[in-house]
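Heads up, the thing below is written out as structure tokens.
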Amino acid sequence: MEGGDSFLSCAVTLEWMTQGSITRKVNYKTASLRLIRNEFREMYMEISSEKHAAIRFALKGVNVFKKFMVEGKASIKFQEAGCTLFISNAPPTNLVGFLRTIFVKMTGDKDQGNNTTPAKQTMRSKLLSGKAQAFEEISPVTVADIHNAKKKIPKSTLTTPSPPAKKRKNDDSVKGPAPKKLYSPSPLTNTCSLNPEQQRVLEACLGGKNIFFTGSAGTGKSFLLKRIVAALPPDVTIATASTGVAACHVGGTTLHAFAGIGDGSGTLEHLCERAMKLPLVAQKWRKCKHLIIDEISMVDGGFFEKTFAANGNNSSWKTIV
Ligand SMILES: Nc1ncnc2c1ncn2[C@@H]1O[C@H](COP(=O)(O)OP(=O)(O)OP(=O)(O)O)[C@@H](O)[C@H]1O
């Protein structure tokens, strides 16, 4: 498993609910989520940002909704605290790793709780322990952790109850398809690691550099590009390509459609006017921090220059791939 799965940078909304109505709501445009343990080895999630004080929630009795995690979105309901955490704009790869760490660690911890010390006694012994409050980052998920969690999944998956195979068949006809298994294989959980060259390109992208990468057929360009898209925050990443077919391949749009300057014919002033008349185009350019262009060899040089001249004074850009 790749490192850094106990940390996530994303946009966050916290909603506290009492009797079905929202009593408090906090929005973080950029927040850091960290998985930590206290001095009694209990797991917590810490939410912090530059503007707000850190908030910690015990990772106990949580419901994780992860249907849209490939789009960088998920929500976690902390039942004890009566609070739901909505995650958005998270790099999908990081989000998948982060949710997997929660799942694996919580599944492993559940069994430890079975040599049961009732909650009250635990609280008493905690108070008497005299230990000073201390939080430390959770240890990385190991192969043993995953193995351990896998053994316990059938009896401990609270969020996605999965009936035995035979029963599921019968249920399907009545209730429709069974819920997806937690952490079913997806391109994002693909265990194939990048080769050192691909890894260097990915790191340069994440480091905010402008990248041009090429190679002969079958050298893993598309494979790498998918990893790059998945590692960047989706709300500020625009995937484009020179042709419609290539754009479909990266799940994006054509550079022409994104640029909003039609076929690029006419003077620069005319093109600027044209682009600015389309509010969505201007909005997308302003929002874009990472622009990806696949099959760039097929983009006309003149068109490329005009595109950036018409829209390109965007100082918030971090990367062009
Ligand atoms: N690091 C990797 N680990 C495992 N498999 C890889 C890796 N990089 C690429 N591959 C595999 O190699 C094959 C070719 O990769 P890919 O299709 O990305 O190449 P490409 O350079 O885009 O090719 P083309 O230019 O022909 O489109 C794919 O099956 C891909 O899954």
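The values are calculated or read from the model by the stated rules, or taken from the named source; none is laboratory data. Every value quoted in this text rests on a predicted model; they were computed, and no experiment measured them. Because the Cβ atoms are built from the backbone with ideal geometry, glycine has one as well, and the counts that use them run over all protein chains shown. Calculation scope for accessible area: heavy atoms of the full protein, side chains included, ligands and nucleic acids excluded. Shrake-Rupley method; radii C 1.70, N 1.55, O 1.52, S 1.80 Å.
What region 7-110 shows is 47 Å² of accessible area per residue, with the surface traced by a 1.4 Å probe over protein heavy atoms.
Estimated at 0.36 nm per residue, the fully extended path between Thr23 and Asn38 surpasses their Cα-Cα distance by 2.6 nm. Using a simple spin-label model with pseudo-atoms 7 Å out from Cα toward Cβ, Ser297 and Glu273 lie 3.8 nm apart. Protein heavy-atom surface of region 7-110, 1.4 angstrom probe: 50% of the accessible area is carbon and sulfur, with nucleic acids and ligands not counted. Annotation: extensible slack from Ala257 through Leu280 equals 7.2 nm (criterion: 0.36 nm per residue apart, minus Cα-Cα distance).
Taking the 1.4 Å solvent-accessible surface of region 196-319 as the whole, the part contributed by carbon and sulfur is 57%. The Kirkwood hydrodynamic radius of region 217-290, based on inverse pair distances between different Cα atoms, is 13.6 Å. Report note on the peptides 242-249, 86-93: ranked by the mean count of other C-beta atoms within 10 Å, highest first, their order is 86-93, 242-249. One quarter of the convex hull surface built on the alpha carbon atoms of region 7-110 amounts to 6.6 nm², the projected area averaged over directions.
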